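Just so it is clear, none of the values below were taken in a lab; they were calculated from the coordinates. None of the values given here were measured: they were computed from a predicted structure. Here the Cβ positions follow ideal geometry from the backbone for every residue, glycine too, while neighbour counts run over all protein chains shown.
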Amino acid sequence: MTEHAAKLTNVSLQRGNVTALDDVSLAIPAGKTTAVLGASGSGKSTLIQIIIGLHTPDSGTVTTLGQTLLPRNLRALRKRIGYAIQEVALLPHMKIRENILLPAVLSAWSRAEQALRLRELLDLMSLPDSVLDRFPHELSGGQQQRAGLCRALSLKPDLLLLDEPFSGLDTRTRRSIHAQFLAMRQQMSISTVLVTHDPEEAIRLAEFIVIMRTGKIQQFGSVHSVLEQPASDYVRELLTGLARGTV
């Protein structure tokens, strides 16, 4: 395992008239969960999209799982990365079984390997077998999110990127999936980057935290150190929720 799950060095990206990332340097620890926290438009989603190669920076270098991102190695590298977003992105015309196993099918896993991995994933996410022959619209929001996480984990990735995966759920369902996520983290040593706008979620689920604002990193460190010694009033207010929705 590499020392860092991902490393950005002096990365900048302009999107139209907006500076999405502004000279960002960051080393994300391997084997840990790192939350990326900030208001809308702070550059959180762009950060993980850069890590998986969905955007090419205007300047700077990106290393993911020990490899510098280049067009020739992106396909192989992405097989080692799980990616889940708020909208879940389950294919509506496919049943849940097919959705979860799609990466394994595309990677030419045998039927026996697929069946074994499917069993492991259902157990991991506490999903009943009864969901497998349903379509996404027939599941609750919480079940859809769990199925989306199953698909993201299907190839046993070394890195898991989660972009606001729980934000569309009601409080009770979110807490249930949070508990499931923490249980999963105990079972699997997987490098995870969690994008969120919710300080409580970041503090509860992560070991490290990145605070972003207008494309720049305001502070990075362990959750404990950032809570104990916020680098600015902005960070302090964001973490206590005082600036939520206004920053």
Legend entry - Over the chain, relative contact order from alpha-carbon pairs under 8 Å, at least 6 apart, %: 28 percent
Inset, instruction - Determine, for 177, 211, the number of other Cβ atoms within 10 Å of each Cβ, and report the residues in order from fewest to most. - result: 177, 211
Inset, instruction - Among 83, 234, rank each residue by its count of other Cβ atoms within 10 Å, from fewest to most, as a rough exposure measure. - result: 234, 83
Inset, instruction - For residue 215, list long-range residues whose amide hydrogen, built 1.01 Å from N in the peptide plane, is under 5 Å from its own amide hydrogen. - result: 43
Inset, instruction - Per residue of segment 165-178, in order, report the coupling 6.51 cos²θ - 1.76 cosθ + 1.60 (Karplus, θ = phi - 60°) as ³J(HN,Hα) in whole Hz, putting x for Gly and Pro. - result: x, 10, 6, x, 9, 5, 4, 5, 5, 4, 5, 5, 6, 4
Inset, instruction - Pop the C-beta distance of residue 140 and residue 110 into the FRET formula with R0 = 35 Å and round what comes out to the nearest 0.05. - result: 0.65
Legend entry - Karplus-derived HN-Hα couplings along segment 204-215 (A = 6.51, B = -1.76, C = 1.60, θ = phi - 60°), whole Hz, x at Gly and Pro: 6, 9, 10, 9, 10, 9, 10, 9, 10, 7, 6, x
Legend entry - Using a Förster distance of 22 Å, the FRET efficiency for residue 79-residue 27 (Cβ separation, nearest 0.05): 0.45
Legend entry - Cleavage-rule hits (GluC sites (Glu not before Pro)) in segment 151-247: DSSP loop, at most 16 neighbouring Cβ within 10 angstrom: 207
Legend entry - Surface/4 estimate of mean projected area, convex hull on alpha-carbon atoms of segment 89-156, nm²: 4.0 nm²
Inset, instruction - Evaluate the Kirkwood expression for the hydrodynamic radius of segment 57-188, namely the inverse of the mean inverse distance over all pairs of different C-alpha atoms, and round to one decimal in Å. - result: 15.7 Å
Legend entry - Efficiency of FRET from Cβ geometry, residue 19 and residue 222, R₀ 35 Å, rounded to 0.05: 0.80
Inset, instruction - Return the single residue from 149, 69, 139 with maximal mean-square fluctuation; model: Gaussian network over the chain, springs between Cα atoms under 10 Å. - result: 139
Legend entry - Amide proton proximity set for residue 14, modelled H, under 5 Å, gap of 5+: 20, 58
Legend entry - Residue-span extension gain [residue 156 to residue 56] - 0.36 nm each, minus C-alpha spacing: 33.4 nm
Inset, instruction - Enter the angle in degrees (range 0 to 90, nearest 10) between the Cα long axis of helix 111-124 and the first principal axis of the Cα atoms of the chain, meaning the one along which they spread out most. - result: 60 degrees
Inset, instruction - Quote the charge dipole size of segment 89-156 about the Cα centre in Debye, to the nearest 20; the model charges only the Cβ of Lys and Arg (+1) and of Asp and Glu (-1). - result: 120 debye
Legend entry - Stretchable slack from residue 93 to residue 233, in nm (0.36 nm times residue separation minus alpha-carbon distance): 45.6 nm
Legend entry - Straight-distance crosslink candidates among lysines, where the alpha carbon sits under 26 Å from residue 216 and sequence neighbours closer than 8 are dropped: 7, 32, 44
